[in-house]
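This report refers to the structure that appears directly beneath it.
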Amino acid sequence: MSKVMFTSHATAKGGREGHVKSDDGVVDVNLVMPGSGDDKEGSNPEQLFAAGYSACFDGALNHVAKEQKKDIESETTADVSLIKDESDGGFKIGVILNVSVNGVSQDEADKLVKDAHDFCPYSKATRGNIDVELNAKAV
């Protein structure tokens, strides 16, 4: 393994209808299955993944922009869907990254988003494993 920068820890108990908590207590949330009809409030793995991916991608975008000497402001929304996997009858996830980039042209926004996708650790981890759609919008 390469040089580890840091390691985060979280423990889940009870699966999709249980609880997840980070070792420092910052993440401490009940899990509920969307569409189950249950009135309990909580998050789900897809929502947690969306939060992590959007934060990581937006950080990668700003890093890439800085490296390319572009002064931008950005916002990234990750839409993470649970999808029926027809190949094995199970499930998989798909992601749409909607990225607003202020301070550059549409062509520059498209390039920055593509370059960020090449750089982002979440994008690297999921490349070839899940479908990721990139939507860049210069604002």
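With S87, S123, S74 as the choices, which residue is surrounded by 14 or more Cβ atoms within 10 Å (Cβ to Cβ), over 10 Å from the mean Cα position of the chain (by Cα) and more than 23 Å from V26 (Cβ to Cβ)?
The unique qualifying residue is S74.
Within the group A60, A109, which residue is assigned to a helix (DSSP H, G or I) and in contact with a Cys (Cβ under 9 Å, 6 or more places away or on another chain)?
On the way: A109 fails: in contact with a Cys (Cβ under 9 Å, 6 or more places away or on another chain).
Step by step, each of A60, A109 is checked, and only A60 is assigned to a helix (DSSP H, G or I) and in contact with a Cys (Cβ under 9 Å, 6 or more places away or on another chain).
For segment 1-9, state whether one or more residues are outside the structural domain of R127 (by TED's automatic domain parsing), of a type in the set (K, R) and free of Cβ contacts under 8 Å to residues at least 60 places away in the same chain.
yes
Of these, K92, K111, K69, K137, which one is without any contact (Cβ under 8 Å) to a residue 12 or more places away in the chain, surrounded by 13 or more Cβ atoms within 10 Å (Cβ to Cβ) and either farther than 28 Å from T7 by Cβ or out of contact with any Gly (no Cβ under 7 Å at 6 or more places or on another chain) (or both)?
K111
Where residues in segment 29-54 are more than 22 Å from Y122 (Cα to Cα) and among the charged types (D, E, K, R), which of them is modelled with the lowest pLDDT?
Residue satisfying both the conditions and the ranking: D38.
The values are calculated or read from the model by the stated rules, or taken from the named source; none is laboratory data. Note that the structure is a prediction, hence the values are computed from the model and not measured. In this analysis, Cβ positions are derived from the backbone assuming ideal geometry, glycine residues included, and neighbour counts consider all displayed protein chains.
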